[in-house]
Structures are given as structure tokens and as C-alpha cells.
1. For labels at residue B:193 and residue A:85 in the simple 7 Å Cα→Cβ model, what's the distance in nm?
2. Given labels modelled 7 Å from the Cα in the Cβ direction, how far is it in nm from residue C:18 to residue C:238?
3. Along the range C:195-212, what does the Karplus equation 6.51 cos²θ - 1.76 cosθ + 1.60 (θ = phi - 60°) give for ³J(HN,Hα), rounded to whole Hz, x for Gly and Pro?
4. When DSSP assigns beta bridges and you keep just the ones with both residues in the protein assembly as shown, what percent turn out antiparallel, to the nearest 5?
5. For residue C:216, what charge total do you get from the other residues with a beta carbon under 14 Å from its beta carbon, if Lys and Arg give +1 and Asp and Glu give -1?
6. Taking 29 Å as the cut-off for C-alpha to C-alpha distance, list the pairs among B:129/B:206; A:241/C:136; B:129/B:150 that go past it.
7. Report, in whole Å, the centroid distance computed from the Cα atoms of the range A:123-195 and the range A:40-107.
8. FRET efficiency for residue A:212 and residue B:35, Cβ-Cβ distance as r, R0 = 56 Å, nearest 0.05?
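All of the numbers you see were taken from the coordinates with simple rules; none came from a lab. All values reported here derive from a predicted model rather than from experimental measurement. Glycine gets a Cβ as well: all are built from the backbone with ideal geometry, and neighbour counts include every protein chain shown.
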Amino acid sequence: MRHLRLVAQGLALPLLLVGAWWWVSADSTSPYFPPLREIVAEFADTWLFTGIRDVLLPTLGTFLAGYSIAIVAGVVLGVALAANDAVAGFLAPLLEFLRALPPIALVPAFISVLGLGEEMRISAVVFASIWPVLLNTIDGVRGVDVVIRDSVTVFRVPRAQRLLFVTLPGASPQIVAGVRVGLALSLIAVIVTEMVTSADGVGAFSRSAQLSFDLPAMWTAIILMGFVGYTLNLLFDRLEKRTLRWHLRMREPAS
Amino acid sequence: MASAHARTGVVTAEAAKRAAPDVDAHVHVDRLHHVFGRGAAARTVLGSVDFTVARGEHVSVVGPSGSGKTTVLRCVAGLLTPTSGQVRLDGAPVAGPPESLAVVFQDYSRSLLPWLTVRSNVALPLRGKGIPAPHRRERAAEALAAVGLKDSLHQYPWQLSGGMQQRVAIARALAYRPEVLLMDEPFASVDAQTRSDLEDLVLRLKRVYAMTVIAVTHDIDEAVYLSDRVVVLSGHPAEVVESVPIDLGADRDQLTTKSDPRFARLRARVLRAVRH
Amino acid sequence: MALTQPHRGRAAEHGAALVSVAVRRIGLLVLALAGWELLARILDSRAVPAVAPAFDALVSTVPSGPFWAALGGTLQSWGLGMLLAAGIGLPLGLLIGSSPLAMRATRGVVEFLRTVPAIMLVPLAVLLFGATVEMKVVLITLSAVWPLLVHAAYGIGHVDAVARDSMRAFRLRRRDRVVFLYLPSALPLVATGLRVAATVALLISIGAEIVTSAPGIGYEIALGQANNAAPRSFVYVLLSGLLGVGINLGFGALERRVLFWHASQRARSTA
């Protein structure tokens, strides 16, 4: 019963809002805010399922490629830098600058250098999301409990194992936080590059819908990316919970 | 047969208390019964807790940990509504925090607001009493002087030691001029030396400010040293097992009182009741 | 005398530390410039200028009107968007956060709306408002409002249970409780929300300028690249980075001032 009530409370507002949108827009003649009915019909036409295959998948492919490269490179570089206090301290202002730089600012330069292809887009995504991962990894690794680190050193745990079972799990809460920031940045980067290059992907689709004044199509693209963003965040939450549970289990025998 | 002698003395005192009519009670904890949670997770914390506190009396509530001492205190403070039973203050049932009552919590680092200075912390509760600002500040300064902190008005709580922070919490309660002062394990989070200083502070303050005091503690020495009476709760679910009058007089100090054989006997008696 | 001795020693030590930091900063700058030069030579592209032409562009661009106009264009929309987002997001978040029911009821909608990449709204906003400041302000508001709303909502829920009990026991009036207990308790998370929102706002402002040619730093970046004026474009890239650093430093300083009582700031000042 209690559970049912909670679900009902969670669902009420979304249903109400969608209902209100449907009802208010039903007789809309404004070109900018077409009836929701029309948008839904257009959504089914456009995206199910050829659009998803031909337009969304390339976007997701670029995103995934760039984002995973950024995570791996960010963590590896971060661990390496954290092991080298002097170097990390020396480079810190530069890294802070690169993180503070709005990554989209370099998209035009990326295009000029690498052209309009997939290579450029992936590079732009990597550049957008690597800095939070890298800097959070450095902070996280450095913050791993000194006592744990010392005791592990005393017991002569081999370096590779120490990294895998002590350093990375210990730093994982902060690494995950950086990776989460990177997720949003990657999505923005992939869409901006697609909008600017107008090749393919959801960004280009939305941009060309704008140029041909196809407003329902634009709305469907916005809604689609809402679902995509929401789903990616949900997946991330799941993954985070798992990582942190692992982390908690690791800590239990240690404390 | 010293203990037998002491016991008879206790019994007569108890009888005298019982003979006194209930209307005299300042605080009446009346068959307090409380259950936390519902259904399968339900846990009865208070069975039926029943005791009275006379005006001006200092009563300590002791009992094994987890026996619901704090739950009783929260009911008296009006912060928790018991499942059944009630607390009466001057005969009127407590519903919500009463106006004439102040509380000192165990965790001073959390009960004081870190973004306010010491004086503002002490003066804050007076806002609700409709006292103009200059008077609030004056009263706060007075109360802080009474606890020996007249030089720390403009510091922040986190700049002070634990013992000093608890003094601020006591000053906050004093400035409120309560008729009933509640203390929840007030000295459990400070070191031993600070603790006995604070105990003596409370003894001294009681003489200046006429208040009814109810203190929850797990420290039997402290309970006997400070109180006029010690109420012992049993655990799971809590009931009053014994109510021990502490006839050590008003003038007490750490050395003579604590080495008094009567102190040792009372302490032993409370301890036996707790272990019972 | 004996007292001044160690003091002087510490001052000298402090001075030496400052000098060493300065030396390292300059070293890093030199190294970064060398890296840039190397990169430019390797790429050998018109799009990535070497250090010398970029420096020339810097010297000629900074005193010019368009430079300040671009900076003003970005800052104006950033500031207006932040004001609107804070004006909407903070009160709404505080209200939602103070009711568990409102929290549960709105969670789904908020989670959905905040994950829509704001940049997706650029085409719609351009059609509605054209490539204008209004367009940017709307986009910035729509992207910055979520971190503010969410952080404020969680912040107001972060009131310490003991502090709440003690304020209740002392019968603090509702208004006093809000002012002296609830709002200060929410402040640390609100500050975090502000910092996140400020960063997102800058990103969206520059992104919208690049995509739509609305006036501002992003537009100048794109224009420079399109006109084969890469050195000038890089001056603006640098400017956007400095703005980002400035926002971080500014909001960091604000946090230190407002949250001086918070454990994180206290630890920093004693360290």
C-alpha cells in the first residue's frame, strides 16, 4: 500500500504536466508550439525506428567512443600524475585552466584541424570530458586514506594489485563524480559538433529542422534527447551504486 | 548493618514522597508508553514510565543504554508525542514544547548554530519571547558571564573547546529563564576534568537560578552527585524500577561529597537497581 | 630578541615559498607556450597559430572595441541568465525541498528536464528570438536553473536533527527558524549549485554563440576560424578560459566568505 502510494505520488505530476501540455496545445495554431498530438505522431514517424538507427545511433556512437576514451585516458593519466606529486603540483594551474575553459570554445579549431569527420567529433568529446575525470582522479588517489596506503606498503602488496584493489577503489567515489560531470559535457559536445558540422546525428537533424522551419521535428528531437539524457543518467546511477557498494565492501575489513 | 539502616532511611523518605499529594508535582510523567515503528518493525521502548518531580527538585534519570531515557526526555520537552500516557506540567498536559522549559542537548556541536556567534546563539531563543534586541543581548551576556564565558561573546562556537561549547549551551538555557531545565547526557561528550568542572557549575547555578532540573545520564556518579533524587529505569521496555532520594544536603563538592560513605552507599544502591 | 628570531625565520621561509611558487608558475607558463609552439609546428595548420602570431593578435585585439563588445555580450547574457535562474531556481528549490511530498512528486519531472541537454533547445530558441541576447538569456536560464533548484532542494533538507530539535524546544517562531536555521543550513549546497550553474551558464552562452552567431566571445571564436584569422580566434578562446577561471575563483572566494563557519572552510583555513 505504502509502496503504491509512493509510486502514485511520483507519477502524478509528470502525467499531469503531459496532460496539461496535450490539452493546452490541442488547438494551438502557433507554429512554435504545435499540438502535442502532432509532435507525438511526428515522433513515431521520424524516430521509430529508422530515425533511431540512422540518426540517433551515430550520435550515441560518437558520444560513447569519446566518453570512454576520456574516462580511460583521464583515469590512467590521473593515476600516473597522482603518483608524481611534484609533477602534478607543477601542472595543477594548467590543468585547472583547461578544466575551466568551456570545451566548446575549441570546437571551431578542432574542425579546422581535423575536418568534419568522426575523428574530429570524437576528439571534441574527449577534450570536453577528460578534464573533470583527470582532476578528480588525481584528487581521489591522493585522498586515499594514508593509513590504508601505509599498511598495504608494509604488507608488500605488489604494485599492480595495490593499484587495482586499494588505490582505485579508494579513489572511486571522486572518480565517479568526475565521470558524472563528464557525461553531461560529452553530450553537449557531441550535439554542438553535430550542429556546427551539419553532417549527421541528432544535432544536425535538429539544426536542419530549424533551417527548414520544421518545428514539430525540432520538438521531437528535444524530447528524444530528453529520454536519452534521462536514460544515460539512470544507467549511471545504477553503475555508481554498484561501484560504491563494492567500495564499501572493500572498506569494511580495512576499518 | 549500615546498609539496612540506610535502606530504612530511604524507605521513609519514599513514603514521605508518596504521601505528598500529586498536585504539588511540578512535572508529572504519567504512565508514559511509547512504541517506535509499526507492524513487524514495532519496538516498544517505554512500557509505562511513571514519576513526578517537585518544584525546584533535581532529578536524574539513569538506566542501561538503550533503555529509553532520551525518549522520556523528548516527551517531557514536547518534541515527541508518546503513543499513550502524558506529561503534565503544573497539571497541564504537554503538547508541543512548553514555554517554561529549556533543553541542553548532549551534542553541543550540533545544537549550537555554527554560523552565529556565541552571544547570538544564546540570544536567539529570546526572540520568541518578544524581548527587544538590546535586552536580549544583555541577558545573553549575563548568562554567559554566569557560566564563566564573558570573554567569548564574539567568538564562534567552533572556536571554543568542547567544554566551553557545552557551557554556551547551558548559558542559552539559562538566558531563557526556564522553570524546568532538561539535560540530555549533558557531559557525555567532554573529557573527565571538564566534566567535573561542569558538574560543579551546574551545582552553583542551581543555587542562583531556582529551577526544576531533569537530567538524563548514564553516569551514576554524576547522577548521585548532582541530584536530589535518582530515578532508575529498567530496559526493554522501560519502567521505573526504583526512585532513590539522595539526602546529601545542598552543599556538595567533588572531594568531600564523593568520599562521603553515604555517597558510596547511594551509588551502590543505584548501581544495583540499574543492574537489576 | 629571542622572540623575533623565529618570526623573522618564518617570514624568510614564507618569502622563499612565494618565490618558489612564482618560479614554478613561470616555468609552467614557459613550458605550456613551448608545448603550444611545438603543437602548432607539428599540425602545421592555418587553424592553430604559433605563439608569436597569437601574441601579436593578442596585442592588437585586446585594446579594440570588438574585443570588449564580445566580452560584454557574453557577460551580459551570462549575468542576466544567472539572475533569472537564481530568482526562479532558488526559491522554487527551497520550497520543494521543505516538503518531502513535493520532493517525491517533482523528482521525476526535475530529473527528466535537467538531463535534456540545454544545447538541444538552441534551434528552437533561435527561431523564437533570433540570434539575440534574449535567445541566449533564455537558454542560459533554462540550463542554469536546474543545478540551482536541485541543490537548494537538497540543501534545505540538510538541516541537522539536533539543531532542529533545539530550535523547536526553544519555541523559535517559524520566521526565525527559516532565517536562522533553515536558510543557513541550505547555504553550503546552494553555494555548490551556484558554482555549477555559473559554469554551465558560461558553457551554454559560448556554445549558443558558436552555433547561432549571436554576439559574444563564441561568435568571435567561430568567426576567426571561418575567416582564416586563427590567431584572433585563439585570443578569444584564451579569454573564454580566463572567464572560466575567473568564475571558479570568484565563486570560490564567495564561498569562503559566506561559509566561513562550515567545516570545509574551517579545515582549509587551519591547513
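1. The modelled label-to-label distance comes out at 3.4 nm.
2. Taking the simple label geometry, residue C:18 and residue C:238 are separated by 2.6 nm.
3. Ordered by residue, 3J(HN,Hα) equals 5, 4, 4, 5, 5, 4, 4, 5, 4, 5, 4, 6, x, 5, 5, 5, 6, 10 Hz.
4. Details: 20 of 39 bridges.
In the protein assembly as shown, approximately 50 percent of DSSP beta bridges are antiparallel ones.
5. Values: positive: C:136; negative: C:134, C:209, C:220.
Computed value for this residue: -2.
6. Working: B:129/B:206 23 Å; A:241/C:136 36 Å; B:129/B:150 23 Å.
Distance filter (> 29 Å) returns A:241/C:136.
7. Value for the Cα centre distance between the two parts: 14 Å.
8. Values: r = 68 Å, r/R0 = 1.21.
It comes to 0.25.
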